[in-house]
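Asker: Take this structure, written in structure tokens, and hold onto it; I'll ask about it next.
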Amino acid sequence: MTEFRTLARPDVSDVGRVLPPPRPGGRFRPGAGRFAGAPAALGLFVAVRLTGALLVLAAARAAGRPHPLALLGRSWDSLWYFGIAAHGYGYVRTGHHHGELFVRSDLAFFPLYPALVRGVAAVLPVGWGAAGLLVSWASAVVAAYGIHLVGRRLYGDAVATVLVLLWAVLPHSVVLSMAYTEPLLTALAAWSLYAVLSGRWVWAGALAAGAGLARPNGFAVAAAVMAAAGWEIRQRWPARTRTPVHRLWTAIVLAPLGWCGYVLWVGHREGDLLGGYFRVQEQWGSRFDLGRGSLGFVRHFMVHATRSVHPLTVVIVVLALLLFALLLADRAPLPLVVYCGVLLLVVVGGSGYFASKPRFLLPAFPLLIPPARALVRTARARPWHAVLVVGALAGLSLVYGAYLVVFARAAL
């Protein structure tokens, strides 16, 4: 069985083609060959996101908003994470909304990001907001590198670079410049998926466990690793060729440990081992109801438009579903399909604050593979057309990001 060749089309019917031959032993590190093409991709990514952050600051100053940097470093969920970093878990906020009492606990927020923020604040003489931004910005760059590695391994440098660029100019990519957890989750997800594709099963499981400690939807990474490892075991058993089976089972065991461990810890703390965490999420209005809440919101929105961000939110979710169909039609590798499928299932099937759904889709970077490949083909045939498309997407993304943070004042 041969390895993937550049621009080869993977076949999910044979995971041996989806997962190139592993190299047992050795260290997990991207060598010089794997770094080829990455500087250009990372440079473009940093330039786009830096421009976006500067545009937010300029818009905030023009609007007379005090402390514009706080819009990036101390907005919405960031404050909950900083409270956990400073004091640990245990804070509960109560109040009334539309005449109903609500109770919201910080146990809804996963621990990895506040732990990293606390570590940075302990080492560097910076405040919580600056520490949170440093963690998020560093995670975004690491994520971009991991995305490039995944794209390069499957389709070559050109597609990998465009894939990173498209991720940088998504409508809600301003979140990548804020003190939020999506950059951290995407970094762990991208490197875990790359470890799967390169046959580094133990690393894949360990990184998936970390992703499960980063965000509630981090279990999508564990699902991808477990599905790929399980399929590999099924294909290789009983021959046990190429990859020792114990490494595959190790990945399966490691992958869900982070998510399951935190959920069970919250359940133990709440006095309901299996249901405690989900009760905490329900207090925030977040539950899995097979999409009834989302459909109800869309129906309400169609009759009573409330916020200007909602139309684009509906469009983004619909486009994500279409991109997933294209990913399936493109016969993408099994772990990428499972990963995106679970993320989409959470977004479409879960209730909660509707305007946040595009943010929850930011880690689903494999959805951008079909448009990235199409854009590369366009660039080879009509370079200026590709430049205009990317320029338009970047302009819209940067302007819309500044609008979301400075003027919309909607929780991201």
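Asker: Tell me which residues come under 5 Å, amide H to amide H, from residue 102 once H is placed; ignore anything under 5 positions away on its chain.
Answerer: 95, 96, 97
Asker: Once you list every other residue whose beta carbon is under 10 Å from the beta carbon of residue 92, what net charge do they have if Lys and Arg are +1 and Asp and Glu are -1?
Answerer: Values: positive: 93, 104; negative: 106.
Result for the neighbourhood of residue 92: +1.
Asker: Would you mind calculating the gained length between residue 76 and residue 318 on full extension (0.36 nm times residue separation, minus the Cα-Cα distance), in nm to one decimal?
Answerer: Computed gain between residue 76 and residue 318 is 84.6 nm.
Asker: Enter the Cα centre distance for the pair region 113-159 and region 54-84, rounded to the nearest angstrom.
Answerer: After rounding, the separation between the Cα centres reads 19 Å.
Asker: Tell me the net charge near residue 189. Cut-off is 11 Å between Cβ atoms, residue 189 excluded, with +1 for each Lys or Arg and -1 for each Asp or Glu. List each step's numbers first, then the result.
Answerer: Details: positive: 215; negative: 182.
Residues near residue 189 contribute 0 overall.
Asker: 7 Å from Cα along Cα→Cβ at both residue 407 and residue 103: what's the point-to-point distance in nm?
Answerer: 4.1 nm
Asker: Choose one of 154, 105, 194: the residue whose Cα lies farthest towards the positive end of the charge dipole of region 32-408 (beta-carbon charges +1 Lys, Arg; -1 Asp, Glu; about the Cα centre).
Answerer: 154
Asker: Residue 86 to residue 62: FRET efficiency via 1/(1 + (r/R0)^6), r the Cβ-Cβ distance, R0 30 Å, to the nearest 0.05?
Answerer: 0.40
Asker: Say R0 is 35 Å: what FRET efficiency, to the nearest 0.05, do residue 270 and residue 387 get from their beta-carbon distance?
Answerer: Numbers: r = 54 Å, r/R0 = 1.53.
Step by step, r from the Cβ atoms, then E = 0.05.
Asker: Based only on Cα atoms, what mean projected area does the convex hull of region 32-408 have, in nm²? Intermediate values should be presented prior to the final figure.
Answerer: Working: hull surface 83.5 nm².
Mean projected area of the Cα convex hull: 20.9 nm².
No value in this document is a laboratory result; all are computed from the given coordinates. None of the values given here were measured: they were computed from a predicted structure. Cβ atoms come from the backbone with ideal geometry, glycine included; neighbour counts cover every protein chain shown.
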